[in-house]
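Have a look at the structure below, then the notes.
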């Protein structure tokens, strides 16, 4: 997989890797399997305001809508080229009226403090130039009682720090960055080379997972 563009904000995909990430089979797997598994047992209020960072084709947003059609969703990505396809994908899955499309940098989210009940970032944080900065800004826009759910690649201790310009942490590095950003981890597991984690703000009220 090659990166088509790298700058101080992030790393985008090109070639076969880009095709695969934005393909319909990949979208089906994420929407039908990964998001439901990640959010199993997670309670969010009806009409929740949700943010899907690094939305890509929009399958996580579509899964959120299917889980709760009353949710309001913002689908954000730094790759402006994909966003017209994102809009069409969400419309085709009935989520167009409940989802806003936004281009933005994960380190400087264009939202007020405490805006969201739920933030998702699936396979996107390692593409951000500034992993810890992005985590801190996610904490900023999350409500005190909100939930942050993450899937992202991790590397073995002693392995290369990233691939194709991306920044991939070890599990312990990720745990440390999450805690420093102000999150309390409620669920954390490693599967197929990726961390699957559910977090709350450290000062948030307890929840059951």
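Determine whether the stretch 86-105 contains at least one residue that is without any contact (Cβ under 8 Å) to a residue 40 or more places away in the chain and closer than 26 Å to residue 180 by Cβ. Looking through the stretch 86-105, at least one residue is without any contact (Cβ under 8 Å) to a residue 40 or more places away in the chain and closer than 26 Å to residue 180 by Cβ.
The residues of the stretch 64-78 that are under 14 Å from the mean Cα position of the chain (by Cα) and either touching a residue at least 60 places away in the same chain (Cβ under 8 Å) or not in a strand (DSSP E or B) (or both), listed by number, are 64, 78. Mind checking whether some residue in the stretch 120-127 is under 23 Å from residue 49 (Cα atoms), in a loop (DSSP other than H, G, I, E, B) and in contact (Cβ under 8 Å) with a residue 24 or more places away in the chain? Yes, some residue in the stretch 120-127 is under 23 Å from residue 49 (Cα atoms), in a loop (DSSP other than H, G, I, E, B) and in contact (Cβ under 8 Å) with a residue 24 or more places away in the chain. Which one is surrounded by the fewest Cβ atoms within 10 Å (Cβ to Cβ), of the residues in the stretch 44-63 that are in a loop (DSSP other than H, G, I, E, B) and touching a strand residue (DSSP E or B) at 6+ places or on another chain (Cβ under 8 Å)? This residue is 47.
Quick check: is even one residue across the stretch 81-88 assigned to a loop (DSSP other than H, G, I, E, B), under 13 Å from the mean Cα position of the chain (by Cα) and under 29 Å from residue 155 (Cα atoms)? Spell out how you get there, then give the answer.
Initially, the stretch 81-88 is screened for residues assigned to a loop (DSSP other than H, G, I, E, B), giving 81-82.
Filter once more, so that each one left must be under 13 Å from the mean Cα position of the chain (by Cα): none.
Checking the stretch 81-88: not a single residue is assigned to a loop (DSSP other than H, G, I, E, B), under 13 Å from the mean Cα position of the chain (by Cα) and under 29 Å from residue 155 (Cα atoms).
The residues of the stretch 96-136 that are at pLDDT 95 or above and surrounded by 23 or more Cβ atoms within 10 Å (Cβ to Cβ), listed by number, are 99, 116, 118, 119, 120, 121, 122, 134, 135.
The values are calculated or read from the model by the stated rules, or taken from the named source; none is laboratory data. Every value quoted in this text rests on a predicted model; they were computed, and no experiment measured them. All Cβ positions, even for glycine, are placed from backbone atoms using ideal geometry, and neighbour counts span all protein chains on display.
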